[in-house]
Amino acid sequence: MYAVEEKNDVFTEELKLNLGPQHPSTHGVLRVELKMDGEIITASRCDIGYLHRCAEKIGENVTYLQFTPYTDRMDYLASMNNNLAWSLAVEKLIDVEAPERAQWIRVIVAELNRIASHLIAFGTYGIDIGANTPFFYAFRERESIMALLERPSGARMLYNYIRPGGVGHDVDDQWLADVLAFCDEFERRWKEYNTLLTNSHIFIKRTANIGVIPKDVALAYGCTGPVLRGSGVKWDLRRDVPYLKPYDELEFDVPVGEGTHGSLGDCWDRYWVRMREMMESIRIIRQACPRVPDGPFMDKKTSGMYKTPLKPKPGEAYVRCENPRGELGFYVVSEGGTSPIRCRTRAPSFCNLAVLDVLLPGTMIADGVAIIGSLDIVLGEVDR
Amino acid sequence: MGILNHALPNIGPVKAVDTAIGWGRKSSIWPMTFGIACCAIEMMAVYAATFDLDRFGAGVPRATPRQSDLIIVPGTVNAKMAVRVKRLYDQMAEPRYVIAMGACVCGGGPYVKWGYNTVKGVHKIIPVDIFVPGCPPRPEALMDGILKLRDQVGRDAVFARREQAGKEMDGRYAAAS
Ligand code: SF4
């Protein structure tokens, strides 16, 4: 941690500071109660619940298919990945496997959405640190992804595209070609980002050696995703527990933090993991696009679910997926009715946020903002 | 100030001044940096390069309510947040405007039936000028809302609005007590 050297013979009056819930740098409606000694944070407490939207209760009242749009709205930056996890959970419950074509399409759209989500993390992190320009660059590429994903799904942001048993609509060859064209375009842009922000001297000064999460702390707090990988733990569900068949056959690396600028697991490491993950996603998409096989895009068993709701046998299922933010899990319990009796979400942002109270004490307030940004939380998912 | 507000709007030259001020004000609406849920991401997309809200003079988001003219409420307001939204609105200086963005703040949206905790429409807490429905509204829809608000701001007589706001306030306090 960036040790702040201060002699302890001069004290300032303790100040209670309220960060949020409308503070622009808390990435949503997070409120953090800080106790300050001058500019140094002595204690912090997170206050969440400003975006609690009753998602789990809603899940117990609507049918399995109807709940898919609500999963969109949990982590609204990565809707496709949320749809995917929910669909897999329901599929496990009704013992159905999506057709081959659907699986490959799922991989492509999920990875595209991962890039879009990391782009927002990159752009808004720049704003947190005080660099406004990356935001505009990031949103330019994000718009291209939105346009691509809009074509099969019909929506810009909350897609409701991956559904139990397959995907909502088919894609055509032109779309796949356009996705590949985007990959080439993006690679060039990505280099631009690095000159813009990653290697900027000011940016490194602001993020390196700040908010260090040691390996054991990250594991103890149940951190997942780039936060865990930033601390040097090589754990990615796509590689270790492939939840879609194609991930088994694809080649990709799992980037982990290396402590490039001094300490392992600092804000810069987490940021750099995200940046490299974008490139890995591009690599996955490049391999996946030519390999999408012909065939149906929806399983026969579930294609009737639009008229007669699914009625799984009594039982339970738990499925976890690698979201841009970490490990998303859905636990569904069925008693044979048209809606589950329990539908629990294991939200990655929620667990990643827990580590914040350990990181903040002892740092300067400006670094506190950098730390919150580097965790990349989405409050819709924290509160659900 | 009270006497001035009541007497001025009826005098001719004041109206001309009002029009001039209105033109100036509608060309520099400063919204507040304020995001709640999914709709906030679309709002950010509107600020960004592709849609570029700055073309209409509304692209300078302010981080504090005291400097902003417009509050776009982008996203579900729940019981805990409602208090804060009301407070933010109260902290803004007159003349102030509100855009309700998204189905959630227009009337409940997807959470209207089972959302035990959500406020079904932000108009229940603060007065809304423009409703932009959609879940989330496309950036074009939000821009259309802002263009409509620009027209309204241009037509608004500053002094008249102040008087009306005062009356509204009185009415609300009377109803509350
Ligand atoms: S209207 Fe839809 S997109 Fe907007 S906040 Fe509500 S659920 Fe999210």
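The values are calculated or read from the model by the stated rules, or taken from the named source; none is laboratory data. No experiment lies behind these values; they were computed from the predicted model shown. Neighbour counts are summed over all protein chains in view; Cβ atoms, including those assigned to glycine, are modelled from backbone coordinates with ideal geometry.
Can you run down the residue pairs with Cβ atoms below 6 Å, 6 or more apart or on separate chains, where the first is in the range B:129-149 and part of a helix (DSSP H, G or I) and the partner is small (Gly, Ala, Ser)?
B:139/B:45; B:141/B:134; B:146/B:58
Name every residue in the range B:115-137 that is buried (at least 22 other Cβ atoms within 10 Å of the Cβ) and within 8 Å of the ligand (Cβ to nearest atom), in order of residue number.
B:136, B:137
Checking the condition touching a helix residue (DSSP H, G or I) at 6+ places or on another chain (Cβ under 6 Å), on the phi > 0 side of the Ramachandran plot and not hydrophobic (A, V, I, L, M, F, W, C), which residue from A:326, A:336 passes?
A:326
Table: residues versus (1) crowded, with 19+ Cβ neighbours inside 10 Å; (2) in contact with a Ser or Thr (Cβ under 6 Å, 6 or more places away or on another chain); (3) within 11 Å of chain A (Cβ to nearest Cβ).
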| site | (1), (2), (3) |
| --- | --- |
| B:15 | no, no, no |
| B:18 | yes, no, no |
| B:24 | no, no, no |
| B:34 | yes, no, yes |
| B:40 | yes, no, yes |
| B:44 | yes, no, yes |
| B:47 | yes, no, yes |
| B:51 | yes, no, yes |
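Find the helices (runs of 4 or more DSSP H) located wholly in the range A:63-133 whose residues include 2 or more that are aromatic (Phe, Trp, Tyr), and list them.
A:100-129
Would you call residue A:145 part of a helix (DSSP H, G or I), at pLDDT 90 or above and either within 16 Å of the ligand (Cβ to nearest atom) or surrounded by 23 or more Cβ atoms within 10 Å (Cβ to Cβ) (or both)?
It is false that residue A:145 is part of a helix (DSSP H, G or I), at pLDDT 90 or above and either within 16 Å of the ligand (Cβ to nearest atom) or surrounded by 23 or more Cβ atoms within 10 Å (Cβ to Cβ) (or both).
Within the range B:34-72, how many residues turn out to be part of a helix (DSSP H, G or I) and either of a type in the set (Asp, Glu) or touching a residue at least 24 places away in the same chain (Cβ under 8 Å) (or both)?
Final tally of qualifying residues: 14.
Only one of these conditions is not met by residue A:186: (1) within 14 Å of chain B (Cβ to nearest Cβ); (2) farther than 28 Å from residue B:135 by Cα; (3) buried (at least 18 other Cβ atoms within 10 Å of the Cβ). Which number is it?
Going through (1) within 14 Å of chain B (Cβ to nearest Cβ); (2) farther than 28 Å from residue B:135 by Cα; (3) buried (at least 18 other Cβ atoms within 10 Å of the Cβ) one by one, residue A:186 breaks only (1).
State all residues of the range A:44-71 that are in contact with a Cys (Cβ under 8 Å, 6 or more places away or on another chain) and within 16 Å of the ligand (Cβ to nearest atom); if no residue qualifies, say none.
Correct list: A:56, A:59, A:67.
Looking at A:277, A:258 in this structure, which one is touching a helix residue (DSSP H, G or I) at 6+ places or on another chain (Cβ under 8 Å) and surrounded by 15 or more Cβ atoms within 10 Å (Cβ to Cβ)?
So the residue among A:277, A:258 that is touching a helix residue (DSSP H, G or I) at 6+ places or on another chain (Cβ under 8 Å) and surrounded by 15 or more Cβ atoms within 10 Å (Cβ to Cβ) is A:277.
Among the residues of the range A:228-245, is there at least one that is surrounded by fewer than 22 Cβ atoms within 10 Å (Cβ to Cβ), within 30 Å of residue A:311 (Cα to Cα) and more than 20 Å from the chain's Cα centre (by Cα)?
Taking every residue of the range A:228-245 in turn, at least one turns out to be surrounded by fewer than 22 Cβ atoms within 10 Å (Cβ to Cβ), within 30 Å of residue A:311 (Cα to Cα) and more than 20 Å from the chain's Cα centre (by Cα).
Would you confirm whether any residue within the range B:97-114 is more than 8 Å from chain A (Cβ to nearest Cβ), part of a helix (DSSP H, G or I), aromatic (Phe, Trp, Tyr) and more than 13 Å from the ligand (Cβ to nearest atom)?
no
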